[in-house]
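The values are calculated or read from the model by the stated rules, or taken from the named source; none is laboratory data. For clarity, every value in this text was computed on a predicted model and none was experimentally measured. Cβ atoms come from the backbone with ideal geometry, glycine included; neighbour counts cover every protein chain shown. Side chains included, ligands, DNA and RNA excluded: accessible areas come from the protein's heavy atoms. Shrake-Rupley method; radii C 1.70, N 1.55, O 1.52, S 1.80 Å.
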Amino acid sequence: MLDKETKNNLRIYGTFLGILVFMTFILITATLLAKNSKKTILAADMQRVLDQYEPDGYKVGSPLALKSAFSTSAAAFTLDRQNQRQNEFYAGIIIRIPTIFGPMPAVFICKDEEDAVFAGYAVDLAKAGGLDSQRLSRGIMNYWQKTIPKIIVRSEADERQ
């Protein structure tokens, strides 16, 4: 048998452990539920930028996997383009890149295995206007244009077409 002090300590520690398990469950559930809404919001932001870049030119499709550590600060989607040939593959990626104003979400378009093309920033610049690809150093822009095609993973269905 346990004495009174041990029973009291077990009750206190059990309550504390129960609270920790409950809070962990709530955090994990909230994270899993927010994951889908994040993709939806990023897809809408990308569509807005693409509509400014080329009106009625691209339509954001399904999410793509990213094969790098950039997946924490980026999202990739298939793109459907008007007058697209059957074997052409377009992808769009929204990724945080460094600018003179700090990290900004930039949208790039990638066709097949070619270098990515900068489409614009997915942010309301307000008074910080004038931020465009020319304001980035040429080295930074070249880096992202070469790196983005390497991190986009095409699904097996896309590769068979």
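Can you tell me which of (1) more than 25 Å from the chain's Cα centre (by Cα); (2) open to solvent by 90 Å² or more (accessible area, probe 1.4 Å) is the one Ile28 doesn't meet?
Evaluating Ile28 over (1) more than 25 Å from the chain's Cα centre (by Cα); (2) open to solvent by 90 Å² or more (accessible area, probe 1.4 Å) leaves (1) as the failure.
Quick one: is Tyr58 modelled with pLDDT of 85 or more, more than 18 Å from Met46 (Cβ to Cβ) and not β-branched (Val, Ile, Thr)?
no
Step by step: first the residues of segment 131-160, then only those that are at pLDDT 50 or above and among the charged types (D, E, K, R), then the one that is farthest from Ile100 (Cα to Cα). Which residue is that?
My answer is Arg154.
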